[in-house]
Amino acid sequence: MGATVVQLTESKKQIQHTHRVFEDQKKAFRNNPMPSLTERLENLKRLKRVLLNNQDRLLDAIDRDFSCRSRDESLIAEVMPSIQGINYTLKNLSGWMKPSKRHVSVLFQPASNKVHYQPKGVVGVIVPWNYPLYLAVGPLVASLAAGNRTMIKMSEFTPHTSALFKELIESSFAEDLVSVITGEADVAADFSSRPFDHLLFTGSTSVGKLVMRAASENLTPVTLELGGKSPAIVSPDVPMEDAAQRLAFGKAFNAGQTCVAPDYVLCPADRVQGFVDEFRKQFSEMYPSLRDNDDYTAIINERQYDRLKGYLDDAKAKGAELLEINPARENLNDGTRKIPLTLVLKTTPDMKLMQDEIFGPILPVVSYGNLDEAIHYINDRPRPLALYFFGYDKNQQQQVVDQTHSGGMCINDSLMHVAQDDLPFGGIGDSGMGHYHGKEGFLTFSHHRAIFTKQKFNSGKFVYAPHGTAAHKMVYKLFIR
């Protein structure tokens with residue numbers, strides 16, 4: 001009882017703090033509604049410096065939150081894309097900020113049309129637990145580039161990373177420019193109800209609906225980066241080694257705790273055994289052992305571990321064949337929170353792992369007869385965040401591109417589209433809405449203000465009342481045809 005009271009008191013303080021910071025940022029934005037290019041570049045450079053100077057501390061904090069998080073995975077997926085994203089923005093920001101000229105019809109000449117990119121104001125960012133650094137820094141880079149103030153709600157499931165990131169941001173930025181908020185789910189719920197000028201949420205579809213509902217009360221525009229069941233298609237003729245190796249990388253990375261991880265594989269019926277054998281070989285070469293292998297990441301917490309184990313138990317009870325890949329045959333059931341990558345065959349639609357996003361090292365394999373059948377299987381389900389096609393036939397590639405929808409796509413690779421600086425990242429349908437990364441991030445957090453400009457000569461007077469004059473009739477004759 002006492003602990004509950006303390007938690008409620010702490011949450012109340014954090015919520016009050018959130019409200020105060022929000023008001024301070026709104027006031028600061030009014031005092032400086034259009035930061036210069038120089039200011040924005042300096043803010044980005046400051047962010048880069050603090051990340052580079054503290055990368056070892058950040059890597060250690062992430063590792064502690066996961067109990068075992070591959071240092072190289074954190075470098076590859078957290079630090080490297082954060083720094084590269086800043087570098088790309090520094091290089092291109094001046095061009096992005098320039099107003100874009102637009103066409104003016106002869107009817108309105110002489111005049112000019114331009115789109116000016118204004119900061120929106122105060123941006124809210126809600127960060128998930130699976131990539132706590134990158135999914136905080138990426139939106140922050142875009143928001144600062146667009147000239148906004150930013151409030152970031154970190155996940156309660158990564159307390160070490162969240163506390164350190166808060167410390168580092170507070171040491172580098174004024175609170176009315178960038179602020180990091182920590183706290184439990186009630187703090188996050190209140191955070192999403194603030195009348196931000198834009199709100200970006202990364203997380204599950206179910207929570208995304210709650211965030212969007214809260215934002216709608218303030219007519220706050222939202223970018224939702226959700227998830228879903230991202231399929232991978234193995235073509236009838238791709239070399240199996242190529243497909244299996246790249247899929248093993250994408251599924252094993254962060255132990256499958258990635259929103260764009262391959263969620264299930266569609267494989268030609270006559271190639272399923274070949275896929276299983278090659279996948280087992282490729283995974284075993286990457287991870288010859290699991291228990292004490294720092295390259296193989298643990299599941300973030302007991303709640304997620306139990307959820308994944310429940311998926312496996314449910315599938316097995318309903319007739320699935322589970323193929324556990326544990327190369328050294330180690331015992332992992334004594335608190336390691338590591339789950340061997342498990343292929344699941346003979347799936348049925350009523351299994352939980354075929355209904356929910358898996359978000360872990362479990363990979364169902366679904367057989368298909370021909371490519372049309374695989375495409376129909378995907379299109380019969382909610383639109384995914386990512387789609388992967390493995391095959392070198394250009395006609396097959398184009399067929400999958402043209403006949404499916406997904407937030408993003410890789411052809412003959414997995415995950416890597418997320419790391420491209422000049423590609424937008426975002427979902428569609430149940431997997432989200434809106435985009436960011438690179439220029440699209442700048443545009444997402446900017447108001448595209450249309451400005452029509454005329455000088456002394458006024459051509460518009462030719463359509464002023466009284467109507468019915470010869471000038472009116474000439475205008476109608478020229479422009480209504």
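Some points to look at:
- Residue in segment 167-179 that is of a type outside the set (A, V, I, L, M, F, W, C) and free of Cβ contacts under 8 Å to residues at least 24 places away in the same chain present: yes
- Considered as a group, the residues in segment 273-312 that are loosely packed, with under 13 Cβ neighbours inside 10 Å and over 30 Å from the mean Cα position of the chain (by Cα) include one that is farthest from residue 131 (Cα to Cα), and that residue is 273.
- Some residue of segment 352-361 being among the β-branched types (Val, Ile, Thr), in contact with a Gly (Cβ under 9 Å, 6 or more places away or on another chain) and either open to solvent by less than 10 Å² (accessible area, probe 1.4 Å) or not in a strand (DSSP E or B) (or both): yes
- Residue within segment 393-406 that is surrounded by 21 or more Cβ atoms within 10 Å (Cβ to Cβ) and either at pLDDT 95 or above or closer than 30 Å to residue 87 by Cα (or both) present: yes
- Scanning segment 3-25 turns up no residue that is more than 29 Å from residue 188 (Cβ to Cβ) and either open to solvent by 20 Å² or more (accessible area, probe 1.4 Å) or within 22 Å of the chain's Cα centre (by Cα) (or both).
- Any hit, segment 125-141, residues being touching a strand residue (DSSP E or B) at 6+ places or on another chain (Cβ under 9 Å), surrounded by fewer than 24 Cβ atoms within 10 Å (Cβ to Cβ) and farther than 23 Å from residue 28 by Cα: yes
- Some residue of segment 80-103 being open to solvent by 50 Å² or more (accessible area, probe 1.4 Å), within 30 Å of residue 338 (Cβ to Cβ) and assigned to a helix (DSSP H, G or I): yes
- Test: residue in segment 410-424 that is within 18 Å of residue 143 (Cα to Cα), touching an Asp or Glu at 6+ places or on another chain (Cβ under 9 Å) and crowded, with 20+ Cβ neighbours inside 10 Å: no
- When the residues of segment 224-253 are filtered to those that are in contact with a helix residue (DSSP H, G or I) (Cβ under 9 Å, 6 or more places away or on another chain) and among the acidic types (Asp, Glu), the one that is least open to solvent (accessible area, probe 1.4 Å) is 225.
- Residue in segment 369-385 that is over 22 Å from residue 271 (Cα atoms), open to solvent by less than 10 Å² (accessible area, probe 1.4 Å) and not in a strand (DSSP E or B) present: yes
- Residue count for segment 441-476 under the criterion of being part of a loop (DSSP other than H, G, I, E, B) and on the phi < 0 side of the Ramachandran plot: the result is 11.
- Taking the conditions (1) under 30 Å from residue 203 (Cα atoms); (2) open to solvent by 10 Å² or more (accessible area, probe 1.4 Å); (3) over 24 Å from the mean Cα position of the chain (by Cα) in turn, residue 270 satisfies each one other than (1).
- Residue count for segment 106-124 under the criterion of being open to solvent by less than 40 Å² (accessible area, probe 1.4 Å) and assigned to a loop (DSSP other than H, G, I, E, B): the result is 2.
- Of the residues contained in segment 159-181, none is found to be in a strand (DSSP E or B) and open to solvent by 10 Å² or more (accessible area, probe 1.4 Å).
- Any pair with Cβ under 7 angstrom, 6 or more apart, that starts in segment 324-349 at a residue that is charged (D, E, K, R) and ends at one that is part of a strand (DSSP E or B): 324/342; 346/321
The values are calculated or read from the model by the stated rules, or taken from the named source; none is laboratory data. The structure presented is a predicted model; accordingly, all values stated were derived computationally and were not measured. Cβ: placed from backbone, ideal geometry, glycine included. Neighbour counts: every protein chain shown. Areas reflect the complete protein model, heavy atoms only, side chains present, ligands, DNA and RNA absent. Shrake-Rupley method; radii C 1.70, N 1.55, O 1.52, S 1.80 Å.
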